[in-house]
């Protein structure tokens, strides 16, 4: 998706936050090599930045105009939720493990097909439309505050435990 985004938005930069890959893990090493090859062939390698580990991810998120979250399999995608909590518009795709607990497409985030062209188009659409950016940003942040607040999460766990206790065999 990056080459198309880079062509459409000449001042766009791609920041990849976190460790690049573990050189001791063969699968991650292979993944790292494939990422490096994609960077080299992107036509905009000078606008791709690898941060390595950073302790202040929220600062990077708050400075971002968009958070891309293309994935195939996830549990609860904390990185996506963190971006939404920071008010960053999110473009993602349906993935194995995708849950309605992540919010509503087109209200809290943009849901694109899993093809690079579709992800790139969705990203460019968001980046070129400041009103859409603002709406997604505000809606996502509000939704996170309303549904993922620690007190509300603890209340949901307590209700779940009460329900489980009520159906447990007595003895």
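Computed from the coordinates by the stated procedures, all read-outs in this text should not be read as laboratory data. All values reported here derive from a predicted model rather than from experimental measurement. Neighbour counts run over all protein chains shown; Cβ positions are idealised from the backbone, glycine included.
Worth pointing out:
- Within the option set 89, 169, being without any contact (Cβ under 8 Å) to a residue 60 or more places away in the chain and surrounded by fewer than 15 Cβ atoms within 10 Å (Cβ to Cβ) holds for one residue only, 169.
- Criterion violated by residue 94 - all others in (1) without any contact (Cβ under 8 Å) to a residue 60 or more places away in the chain; (2) under 16 Å from residue 141 (Cα atoms) satisfied: (2)
- When the strands (runs of 3 or more DSSP E) confined to region 18-136 are screened for residues that are out of contact with any helix residue (DSSP H, G or I) (no Cβ under 7 Å at 6 or more places or on another chain), those reaching at least 2 such residues are found at 48-52.
- Close pairs (6 angstrom Cβ cut-off, 6 or more residues apart or separate chains): closer than 21 Å to residue 10 by Cα in region 39-59, part of a loop (DSSP other than H, G, I, E, B) anywhere: 47/13; 50/20
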